[in-house]
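The values are calculated or read from the model by the stated rules, or taken from the named source; none is laboratory data. Everything numeric here is computed off the predicted structure, so don't read it as measured data. Ideal geometry is used to build each Cβ from the backbone, glycine not excepted, and the neighbour counts take in all protein chains shown. Note: areas computed on protein heavy atoms with side chains; ligands, DNA, RNA excluded. Shrake-Rupley method; radii C 1.70, N 1.55, O 1.52, S 1.80 Å.
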Amino acid sequence: CDEDDYDDYDFLVSRSTKNRLHYLFQKLTQAISSPEAPIMLFLDDLQWADKESLDLLTSLVIDVDPLSIEEDADQRCVCFVLAYRNSEDCENPDLVYCVSALEGSDAARTTHIQLEGMDIEGTNAMLANALKLPIRLTRPLSEVVHQKTLGNPLFVKVFLTMLCEENCLSYSLNERRWMWSIDDIRQKSMDKGLALVLSEKLLRMHCDVQEALTFVSCFGKRVQRDVLSMASRDAEELSQLMACLETAVEENILEEDNGYYSFPHDLIQQAAYERVPKEVAFSYHFNIGLRILKNSVFKGQTDPISLVSFVALDQILAAKSVTVSEPALRVPLAALFLRAGRYSLGVAAFPSALSYFERGLSFMGDDGWELNFELSLRLHESACHACYLTALPDRVPTYVDEVISHTENFMDQVKCHHMAMRTLASTGKIKKAIYKFFEVMKELGEEFPDKVDPSLIFSTLTSTKDDLSKYSTEDLLNSPKMTDKRKQWAIILMGSMSPYIFMVTPMLSPMISARIVFLSLRYGLTTESAFGLFMYSYGIGCLLQDIDEGHRWIRTSRLMLERFNATSQYPKLKCVQYAFLIYLKEPFQSITSVLLDCRQETMMVGDIEYAIFSSTWRGQFAVLTGEHLSQVEKECDSLSKDMIRLKQTQSILDNASMHSMALQLIGSSKDPFALSGVSFKDEDEVLEFVEKSGNKAHAISIYTYRVVTACFFQRYEDAAEMIEKYHSKLTKEDFRIHTVIYTFYEGLIAFRTARAQPHVEKWSKIGGRAIRSYQTWAKHSEWNFENKLLLLEAEWLLTKGEYDSAEKKYVASMESAHRHKFVHEEGLAMALMAHYFKSRGDAGKEKEYLDGAIACYEKWGAFGLVSHIRGN
């Protein structure tokens with residue numbers, strides 16, 4: 001939906017903004033560092049860091065190149081030095097989580113250093129340097145000071161200042177050196193703690209200076225002089241404030257540098273701030289913020305979204321529940337907080353955005369809907385969205401219910417319904433999300449049939465094809481933009497939920513794509529029209545096997561994105577186009593390369609969800625191409641960990657199943673489900689779980705990889721049993737790369753089983769369907785499908801008893817696999833050829849081809865499979 005058409009900037013923002021920001025920072029640190037010139041980043045006082053900063057830090061340390069599978073990806077040339085206090089008075093739960101994540105990660109080496117105070121020698125060296133005396137003279141003093149301060153450098157500095165103020169340490173003009181009384185110093189105490197000592201020092205100052213320091217402490221550790229002028233009532237008050245601050249500077253309580261006042265240490269700022277009760281401090285914050293706004297934004301002298309504006313709003317935010325009752329102030333303040341929250345969403349500061357929205361709502365009060373309906377609606381919608389982005393799913397329903405209870409027009413509710421769907425889907429409640437989707441679509445006037453069968457899909461896609469045939473590419477691209485908001489939101493919701501619908505009820509996906517195309521042709525185009533057009537091209541190309549027609553619309557969907565200047569969406573579209581349709585014509589090896597690029601490109605725009613999908617699909621094509629299994633296993637292991645860390649676990653069971661197959665072929669005893677963080681004891685339990693949950697996509701993946709594994713290990717009875725379970729529980733409702741993989745190995749097993757069970761006709765029929773499918777696909781890509789078709793035909797001829805013809809097909813399949821660089825399938829053809837010669841009683845030929853198969857499998861990295869063959 002076009003941002004210019006909707007004033008809904010906050011709803012056009014997603015987690016991708018934050019992801020992109022993190023990724024760009026990662027790339028920056030990589031670009032400015034190298035093994036020859038590493039860099040060090042020192043970050044101090046992390047106990048005061050906010051969640052956004054700590055999230056970025058965690059990402060920089062752990063995700064130096066997230067999801068990367070390049071060989072040099074784990075070369076890290078950055079050293080982070082992080083300093084923080086861990087005392088009870090500055091506990092930060094976000095920091096605790098950050099430190100735990102860093103220490104528990106395998107991505108970086110961490111060393112925890114507990115900084116203790118200086119020893120006596122260090123303390124003596126510090127005192128000798130400060131007093132300009134030999135260390136032998138300061139030694140007795142240092143022993144006492146060390147005992148009082150435990151060697152803490154700041155404590156030492158404050159203690160010496162206190163001794164000077166109380167004349168226990170003074171400069172003697174006669175002796176021309178510092179003098180002290182050890183006995184008097186021994187009587188002094190630092191047991192109160194530094195904060196209390198500093199507080200007592202502040203209390204000894206003039207009350208006006210104390211008041212000024214408390215005023216400045218409300219801004220934190222540092223504040224600009226110009227901001228103080230805007231926070232003052234008038235010129236006279238500002239003059240008195242500056243005079244008091246100069247006194248504090250002279251007393252070393254405050255520092256002034258280049259127009260800024262700052263506290264030398266955060267404990268001094270803390271002592272100044274805590275000299276008044278919290279309620280009084282909240283009142284300080286509120287009055288400061290209000291004065292700054294009245295002297296800047298409300299006078300029209302400052303942009304509402306400026307640094308000064310945010311300083312003022314943060315002061316009001318710090319005032320907690322302090323508010324105003326005058327409507328003349330309530331509405332402008334709430335509107336400012338709405339704008340600040342939207343801006344924060346745009347720079348990926350999601351927790352801050354939520355705080356701004358909620359503070360804005362506090363000014364609206366109980367009568368907010370009557371006071372200003374539009375503003376209340378926008379604040380509730382935005383808070384709902386911020387809860388989703390901040391991963392607070394339990395709070396989303398509160399805002400949804402509030403909006404529904406105060407609105408009658410469904411279009412005022414649709415955004416919150418959208419967030420409710422997204423929240424349900426992101427927390428694994430996909431079926432509930434889809435159910436809500438259909439309820440909302442009905443309200444928008446777009447209903448779908450309760451039951452979908454292949455004939456309905458065929459008629460719907462055929463009808464859509466007829467509609468599109470009336471348009472040239474140029475006509476379609478020059479169609480007007482959609483202006484009907486109900487239809488816009490219908491298409492937005494279909495685009496948003498289509499991945500989940502494809503996952504659970506794939507037969508509905510063609511119906512969704514056809515509806516998007518229909519609405520786009522009738523009401524105008526949106527960005528989502530490009531994805532609807534691709535989904536249609538997938539349906540017509542894969543489900544109806546009209547591959548040329550499907551490819552025809554791929555380029556048009558790309559051009560449509562260009563028309564809307566939706567460059568951030570292009571990597572996502574490219575990813576699904578190559579993973580779901582283009583591979584039917586392009587070599588599989590090139591697809592793996594493109595998907596690797598897609599992973600990089602989706603990360604550049606912050607789309608972690610599709611970066612994960614790109615990596616998952618790349619792994620599937622790596623299996624198809626016969627990429628070395630050690631690399632496949634490494635990718636699977638890394639990807640599972642990344643999925644958990646990045647909270648993108650939609651495909652984790654797919655990846656774990658592929659990982660399981662790779663580990664078995666390699667001969668590793670590692671548990672892929674334990675490595676992926678999934679709590680299942682074995683693959684049978686996983687399969688039972690996904691079948692009960694109705695997740696057909698995961699079930700198809702598991703069946704596919706188990707059949708492939710059984711075929712290579714020649715466990716034909718196990719494979720046949722899996723195929724029978726597949727046909728009894730699932731139907732081929734969709735078409736994806738798993739379909740290509742499964743169809744091939746199912747056909748091989750079917751012919752094998754047909755020879756063992758000649759009285760059972762279904763196995764020959766299954767094998768025949770596999771041959772017909774590969775005959776169709778081979779017309780469009782000889783490179784990808786020729787060797788597989790030849791091997792299926794060899795098995796079919798062998799089943800019919802046409803041995804000479806079968807032998808020629810085996811040889812042709814081996815040669816084709818070798819020519820097209822499918823080493824694993826070359827080995828499989830040789831293994832099946834060896835089995836053929838064994839059945840013919842030709843031990844010499846059997847050994848020749850078995851040795852050839854072993855050589856191919858070793859080249860593939862399938863050492864577990866090689867051991868199995870040799871063991872037998």
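Can you tell me which of 827, 767, 747 is in contact (Cβ under 8 Å) with a residue 12 or more places away in the chain, part of a helix (DSSP H, G or I), over 26 Å from residue 622 (Cβ atoms) and small (Gly, Ala, Ser)? Before the answer, list the steps.
Values: 827 fails: over 26 Å from residue 622 (Cβ atoms); 747 fails: over 26 Å from residue 622 (Cβ atoms).
Checking each option against the conditions leaves just 767.
For the condition without any contact (Cβ under 8 Å) to a residue 12 or more places away in the chain, in a helix (DSSP H, G or I) and within 30 Å of residue 311 (Cβ to Cβ), what is the one hit in 374, 370, 381, 358? Among 374, 370, 381, 358, only 374 is without any contact (Cβ under 8 Å) to a residue 12 or more places away in the chain, in a helix (DSSP H, G or I) and within 30 Å of residue 311 (Cβ to Cβ). The set of residues in segment 428-465 that are of a type in the set (Val, Ile, Thr) and either touching a residue at least 60 places away in the same chain (Cβ under 8 Å) or over 20 Å from residue 489 (Cα atoms) (or both) comprises 430, 434, 452, 457, 460, 462, 464. Given the criteria touching a residue at least 40 places away in the same chain (Cβ under 8 Å), open to solvent by less than 80 Å² (accessible area, probe 1.4 Å) and among the charged types (D, E, K, R), does residue 222 qualify? In short, no. Scanning segment 396-405 for any residue that is over 16 Å from residue 498 (Cα atoms), assigned to a helix (DSSP H, G or I) and among the polar types (S, T, N, Q) turns up at least one such residue.
Quick grid of which residues meet (1) in contact with a strand residue (DSSP E or B) (Cβ under 9 Å, 6 or more places away or on another chain); (2) modelled with pLDDT of 85 or more; (3) among the small types (Gly, Ala, Ser); (4) surrounded by fewer than 24 Cβ atoms within 10 Å (Cβ to Cβ):
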site: 636; (1), (2), (3), (4): no, yes, no, no
site: 645; (1), (2), (3), (4): no, no, no, yes
site: 652; (1), (2), (3), (4): no, no, no, yes
site: 659; (1), (2), (3), (4): no, yes, no, no
site: 669; (1), (2), (3), (4): no, yes, yes, yes
site: 675; (1), (2), (3), (4): no, no, no, yes
site: 679; (1), (2), (3), (4): no, no, yes, yes
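Determine whether segment 544-563 contains at least one residue that is open to solvent by 30 Å² or more (accessible area, probe 1.4 Å), in contact (Cβ under 8 Å) with a residue 40 or more places away in the chain and touching a Phe, Trp or Tyr at 6+ places or on another chain (Cβ under 6 Å). No, the conditions are met nowhere in segment 544-563. Out of all the residues in segment 819-826, is one or more of a type outside the set (Asp, Glu), out of contact with any strand residue (DSSP E or B) (no Cβ under 9 Å at 6 or more places or on another chain) and within 23 Å of residue 758 (Cβ to Cβ)? The answer is no; no qualifying residue exists.
Here are 408, 374: which of them is open to solvent by 60 Å² or more (accessible area, probe 1.4 Å) and over 18 Å from residue 486 (Cα atoms)? Result of the check over 408, 374: 374.
What is the residue count in segment 95-122 for residues that are open to solvent by less than 60 Å² (accessible area, probe 1.4 Å) and either of a type in the set (Asp, Glu) or farther than 21 Å from residue 640 by Cβ (or both)? Summing the residues that are open to solvent by less than 60 Å² (accessible area, probe 1.4 Å) and either of a type in the set (Asp, Glu) or farther than 21 Å from residue 640 by Cβ (or both) in segment 95-122 gives 7.
Scanning segment 424-438 for residues that are part of a helix (DSSP H, G or I) and open to solvent by 90 Å² or more (accessible area, probe 1.4 Å) yields 431, 432, 435. Residue 383 meets each of the listed conditions (1) at positive phi; (2) buried (at least 21 other Cβ atoms within 10 Å of the Cβ) apart from (1). Name the residue, out of 17, 58, 29, that is β-branched (Val, Ile, Thr), part of a helix (DSSP H, G or I) and modelled with pLDDT under 80. Just a single option satisfies the conditions, and that option is 17. Applying the selection to segment 814-850, what residues are more than 22 Å from residue 716 (Cβ to Cβ) and more than 42 Å from the chain's Cα centre (by Cα)? If the condition is that a residue be more than 22 Å from residue 716 (Cβ to Cβ) and more than 42 Å from the chain's Cα centre (by Cα), then 815, 844, 848 are the ones that fit. Out of 809, 859, 788, report the one residue that is out of contact with any Leu (no Cβ under 8 Å at 6 or more places or on another chain) and open to solvent by 10 Å² or more (accessible area, probe 1.4 Å). The conditions single out 859. What are the pairs, 6+ residues apart or on separate chains, where a residue within segment 393-422 that is among the polar types (S, T, N, Q) has its Cβ under 6 Å from a residue that is part of a helix (DSSP H, G or I)? So the pair list comes out as 413/403; 413/404.
Conditions tested, residue by residue: (1) modelled with pLDDT of 75 or more; (2) farther than 21 Å from residue 251 by Cα.
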residue: 164; (1), (2): yes, no
residue: 168; (1), (2): yes, no
residue: 175; (1), (2): yes, yes
residue: 180; (1), (2): yes, yes
residue: 185; (1), (2): yes, yes
residue: 190; (1), (2): no, no
residue: 193; (1), (2): no, no
residue: 201; (1), (2): no, no
residue: 204; (1), (2): yes, no
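The residues listed here are 321, 325, 362; of these, the one that is under 33 Å from the mean Cα position of the chain (by Cα) and under 24 Å from residue 284 (Cβ atoms) is 362. If you go through segment 755-764 and keep only what is part of a helix (DSSP H, G or I) and open to solvent by 10 Å² or more (accessible area, probe 1.4 Å), you end up with 755, 756, 762, 764. Residue 233 meets the stated requirement of being among the basic types (Lys, Arg), closer than 16 Å to residue 211 by Cα and either without any contact (Cβ under 8 Å) to a residue 60 or more places away in the chain or surrounded by 20 or more Cβ atoms within 10 Å (Cβ to Cβ) (or both). For segment 837-872, the candidate set comprises residues that are closer than 19 Å to residue 814 by Cβ and either part of a loop (DSSP other than H, G, I, E, B) or of a type in the set (S, T, N, Q) (or both); within that set, the residue that is modelled with the highest pLDDT is 862.
Here is a check on your reading of the model: is residue 312 at pLDDT 90 or above, over 23 Å from residue 211 (Cα atoms), assigned to a helix (DSSP H, G or I) and open to solvent by less than 60 Å² (accessible area, probe 1.4 Å)?
Working: at pLDDT 90 or above: yes; over 23 Å from residue 211 (Cα atoms): no; assigned to a helix (DSSP H, G or I): yes; open to solvent by less than 60 Å² (accessible area, probe 1.4 Å): yes.
Criteria not met by residue 312.
In segment 448-485, the qualifying residues are those that are in a loop (DSSP other than H, G, I, E, B) and aromatic (Phe, Trp, Tyr), and the one that is modelled with the highest pLDDT is 448. Evaluate segment 318-336: report whether one residue or more is on the phi > 0 side of the Ramachandran plot and out of contact with any Phe, Trp or Tyr (no Cβ under 8 Å at 6 or more places or on another chain). Looking for residues that are on the phi > 0 side of the Ramachandran plot and out of contact with any Phe, Trp or Tyr (no Cβ under 8 Å at 6 or more places or on another chain), one finds none in segment 318-336, hence no. Selection within segment 236-248: residues that are touching a residue at least 12 places away in the same chain (Cβ under 8 Å) and in contact with a strand residue (DSSP E or B) (Cβ under 9 Å, 6 or more places away or on another chain). The member of this set that is nearest to residue 268 (Cα to Cα) is 248. As a summary of the residue check, residue 476 satisfies the conditions (1) under 24 Å from residue 448 (Cα atoms); (2) open to solvent by less than 10 Å² (accessible area, probe 1.4 Å) except for the one numbered (1). With (1) surrounded by 20 or more Cβ atoms within 10 Å (Cβ to Cβ); (2) part of a helix (DSSP H, G or I) as the list, and residue 297 as the residue in question, which single condition is left unmet? In the conditions (1) surrounded by 20 or more Cβ atoms within 10 Å (Cβ to Cβ); (2) part of a helix (DSSP H, G or I), residue 297 misses (2) alone.
All of 586, 627 fail the test of being without any contact (Cβ under 8 Å) to a residue 60 or more places away in the chain, assigned to a loop (DSSP other than H, G, I, E, B) and not hydrophobic (A, V, I, L, M, F, W, C), apart from 627.
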